[in-house]
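Engineer: The structure that follows is given in the form of structure tokens.
The values are calculated or read from the model by the stated rules, or taken from the named source; none is laboratory data. All of these numbers come straight from a predicted model, not from anything done at the bench. Note that each Cβ is placed from the backbone with ideal geometry, even for glycine, and that neighbours are counted across all protein chains shown.
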Amino acid sequence: MREVGEKAPTVLTLEVSLPDPLKVTPSELEWKKDKTPAAKDVQISALPGVEIVEAESTLPFFEIKTRKIHEGAWMVSILPKTSDSPATALLRVRFSGDASGAVSIPLRIR
């Protein structure tokens, strides 16, 4: 209970919107087991001041090729060397600059 003349506390709300340093499209890739695998592409867009350092797979039989399209945009092509058996891996994309870290997307053969 408040005393006479006591002011009610002021509630302040802070809303923060932090943009993702990278936008990765699509967010996952899948190939059919026992089908001849074709390369699939992942497009990566970065905020100004952010650069891709490395793109790699957590399993060595996914072949990864990265190319810069223009400033702030990259294309990563992923090709399984085989699709004889089910597998799950991650494509890890490390970045640095004004923001640093890594994003991962699932790679699956089902």
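Engineer: Return only the number of the condition from (1) among the charged types (D, E, K, R); (2) under 22 Å from ARG108 (Cβ atoms); (3) out of contact with any Phe, Trp or Tyr (no Cβ under 6 Å at 6 or more places or on another chain) that LYS81 does not satisfy.
Structural biologist: (3)
Engineer: Is it fair to say SER100 is at pLDDT 95 or above and of a type in the set (Gly, Ala, Ser)?
Structural biologist: Answer is no for this residue.
Engineer: Hey, among the residues in the range 73-110 that are of a type in the set (D, E, K, R) and in a loop (DSSP other than H, G, I, E, B), which one's farthest from PRO21 (Cα to Cα)?
Structural biologist: Within the range 73-110, the match that is farthest from PRO21 (Cα to Cα) is ASP84.
Engineer: Determine whether the range 31-39 contains at least one residue that is of a type outside the set (Lys, Arg), surrounded by 12 or more Cβ atoms within 10 Å (Cβ to Cβ) and either over 21 Å from ARG110 (Cα atoms) or in contact with a helix residue (DSSP H, G or I) (Cβ under 8 Å, 6 or more places away or on another chain) (or both).
Structural biologist: no
Engineer: Filter the range 82-105 for residues that are without any contact (Cβ under 8 Å) to a residue 60 or more places away in the chain and aliphatic (A, V, I, L, M); which is nearest to LYS35 (Cα to Cα)?
Structural biologist: Here the answer is ALA87.
Engineer: Right, next: May I ask you to list pairs of residues, at least six apart or on different chains, whose Cβ atoms are under 7 Å apart, with the first in the range 1-20 being closer than 30 Å to SER45 by Cα and the second being surrounded by 10 or more Cβ atoms within 10 Å (Cβ to Cβ) and modelled with pLDDT of 80 or more?
Structural biologist: Listed by first residue and then by second, the contacts come to PRO19/LEU47.
Engineer: Another question, if that's okay. If you go through the range 54-72 one residue at a time, how many are more than 13 Å from the chain's Cα centre (by Cα) and either surrounded by fewer than 14 Cβ atoms within 10 Å (Cβ to Cβ) or assigned to a loop (DSSP other than H, G, I, E, B) (or both)?
Structural biologist: The qualifying residues number 12.
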